[in-house]
1. Identify the residues of region 199-225 with backbone N under 12 Å of a label point that sits 7 angstrom from the Cα of Leu264 along the Cα-to-Cβ direction, or state none.
2. Under a point-charge model restricted to the Cβ atoms of Lys and Arg (+1) and Asp and Glu (-1), what is the dipole moment magnitude of region 211-279 relative to its Cα centre, in debye to the nearest 20?
3. Roughly how far apart, in whole Å, are the Cα centres of region 251-275 and region 1-69?
4. Any idea what % of Cα-Cα pairs in the chain are farther than 35 Å?
5. Choose one of Val78, Leu135, Pro189: the residue whose Cα lies farthest towards the positive end of the charge dipole of region 3-200 (beta-carbon charges +1 Lys, Arg; -1 Asp, Glu; about the Cα centre).
6. In nm, to one decimal, how far is the modelled label at Glu250 from the one at Phe237, with both set 7 Å along Cα→Cβ?
7. For the chain, take the longest principal axis of its alpha carbons; what is the angle in degrees between that and the long axis of helix 264-274, to the nearest 10 within 0 to 90?
8. Return the subset of Lys151/Lys277; Lys3/Lys190; Lys151/Lys171 for which the Cα-Cα distance in this structure is over 24 Å, preserving the input order.
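What follows is calculated from the coordinates using simple rules that are stated; it is not laboratory data. For clarity, every value in this text was computed on a predicted model and none was experimentally measured. Methodologically, a virtual Cβ is constructed for each residue, glycine included, from the backbone with ideal geometry; neighbour enumeration extends over all protein chains shown.
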Amino acid sequence: MSKAKQALRDQDFRYKKGLGQNFIFDEGLLEQLVEKTEITKEDDVLEIGPGSGTMTAMLSEKAGRVIALDIDEKLLPVLKVTLGGRDNVKVVLGDVLKTNLSELCTDFAGGFHIVTNLPYYITTPLMTMLLSSNLRIKSICAMVQAEVADKLVARPKDDGYCPLSILAQLKSEVSIALNVPAECFTPKPKVDSSFVRLKMRETPLYPDTDEKIYMRVVKAAFLARRKTLLNSLRGGFTAERGELIEWLREAGIDEMIRGEQLTLDDFARLSKVIENKYVKK
């Protein structure tokens with residue numbers, strides 16, 4: 001029996017469905033996942049949801065420093081066992097959605113990587129928060145529901161194409177590093193998962209475009225997927241129909257197209273027109 005499993009048994013640990021606790025104990029698989037992160041001794045890591053600490057221990061061997069943040073205090077004695085003697089690992093108790101990550105990672109002055117096995121119910125809000133933040137994140141490597149992974153890499157006209165797809169691709173180079181069947185987890189979840197890697201862009205994809213306006217346009221475009229872009233924009237901006245048509249024509253976009261058909265470049269042109277004609281007027 002592995003050290004992690006024994007520690008969990010000794011603590012009479014009970015998996016909490018409400019916290020989305022599904023752990024991986026297969027060390028071969030965990031080694032593959034750590035390899036996919038491409039982390040080296042020059043890197044600092046924030047691990048969100050270390051679970052039993054098996055992957056955390058492997059990360060500590062690859063990385064310079066690791067901060068492991070978990071919400072479940074019942075895991076603290078388990079992590080003490082699995083991470084004992086590793087002086088480059090700091091375990092912190094806290095809710096990632098309520099924790100000041102900038103303050104937590106203040107010693108990571110050169111930036112840091114995020115590695116996480118997320119509870120699926122917080123994946124979208126947390127990903128959105130991280131991608132929209134000013135944190136000096138170098139990459140995000142996350143175990144997510146396979147459906148979410150498909151959304152992150154989705155392209156125009158794909159079923160999963162949504163504001164999260166666009167935000168992720170706007171801020172990073174996204175790839176699915178490894179597909180992980182449900183059978184690899186304890187307890188076994190109802191769906192398969194994927195390990196995704198988001199390598200953050202060092203320079204903005206559209207440096208002359210206001211990101212807040214860009215994402216405002218994106219959100220408006222997806223307000224009602226079945227409506228034309230023209231009608232969707234009316235729900236996001238206070239403007240007359242004629243003015244909206246003018247914006248679209250200037251951006252070179254068909255007024256009858258749907259938001260889900262627009263590329264990142266399309267959104268960049270349209271948001272620039274709106275910035276000049278609506279926001280700055």
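1. 199-207
2. 300 debye
3. Computed from Cα coordinates, the inter-centre distance equals 42 Å.
4. 26 percent
5. Pro189
6. Reported label-point gap for Glu250 and Phe237 is 0.8 nm.
7. Once rounded, the angle reads 50 degrees.
8. Beyond 24 Å: Lys151/Lys277; Lys3/Lys190.
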